[in-house]
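Step one of this worksheet: look at the structure below.
The values are calculated or read from the model by the stated rules, or taken from the named source; none is laboratory data. Predicted model only: the values in this text are computed from it and were never measured. Please note: Cβ atoms are built from the backbone with ideal geometry, for glycine as well, and neighbour counts cover all protein chains shown.
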Amino acid sequence: MAESMGQHTRPTDPVGRVLFQISRLFAIFGGFVLCAMALLTTISVIGRSTISLPVTGDFELIAIGTGVAVFAFLPYCQLVRENVIVDIFMSKTPFRARTICDLVGNFLYVVIIILMLWRLPLGGMDLYDNDQMTLVLEVPQWWTFPLAILCLILLLAVNIYTTVRSYREIRLNRTL
């Protein structure tokens, strides 16, 4: 939000570069998942319209894939400052006000991620203990939880990094 549109968003410090590379790999994985979902949807629609034979459980697979892709994209989006942008409200404000809002937003995001990391494993264990399955394909619902937790751990590291980055930007009065 505090960054000007023309400025490069790739971090230049060692920690930021490592987080960027890992987040980038997760985002690429999420892109492959999205491509697979698009292919699955296309095959299912063509099968349904031509031979009245859709892919069984396509909506379940799309739901699972959407969750996986969203969790995979979040760290990269946050790191390159494209996660949540409210430029329509902040574009006319002074740089310092924008960076303070970034700092507060990043800090609140860290708190939310910590809460999610506390509760998500418990939800996954509950699904495992109760042997809950999807309706049509009977895929165990807990299977995506370990990947979601891994993505949240990366997102937490990225958000701690962006919170520190915002604090340093306020102190230096410039975008890093």
Review point. Does Leu19 fit the bill of being over 30 Å from Leu103 (Cβ atoms) and either in a loop (DSSP other than H, G, I, E, B) or out of contact with any strand residue (DSSP E or B) (no Cβ under 8 Å at 6 or more places or on another chain) (or both)?
Key: no
Exercise for review: Report yes if Ile170 is modelled with pLDDT of 90 or more, of a type in the set (Val, Ile, Thr) and either in contact with a helix residue (DSSP H, G or I) (Cβ under 7 Å, 6 or more places away or on another chain) or surrounded by 15 or more Cβ atoms within 10 Å (Cβ to Cβ) (or both), otherwise no.
Suggested key: no
Practice item. From the list Val70, Val80, Val45, Val84, pick out the single residue that is out of contact with any Ser or Thr (no Cβ under 7 Å at 6 or more places or on another chain), surrounded by 14 or more Cβ atoms within 10 Å (Cβ to Cβ) and either modelled with pLDDT of 95 or more or of a type outside the set (Asp, Glu) (or both). Key: Val70
Review point. Would you pick out the residues in the stretch 48-67 that are outside any helix (DSSP H, G or I) and surrounded by 13 or more Cβ atoms within 10 Å (Cβ to Cβ)?
Key: Pro54, Val55, Gly57
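Listed here are the residues, each with its yes/no results for (1) of a type in the set (Phe, Trp, Tyr); (2) without any contact (Cβ under 8 Å) to a residue 12 or more places away in the chain.
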site	(1), (2)
Asn130	no, yes
Glu138	no, yes
Phe145	yes, no
Leu154	no, no
Asn159	no, no
Thr163	no, no
Ser166	no, no
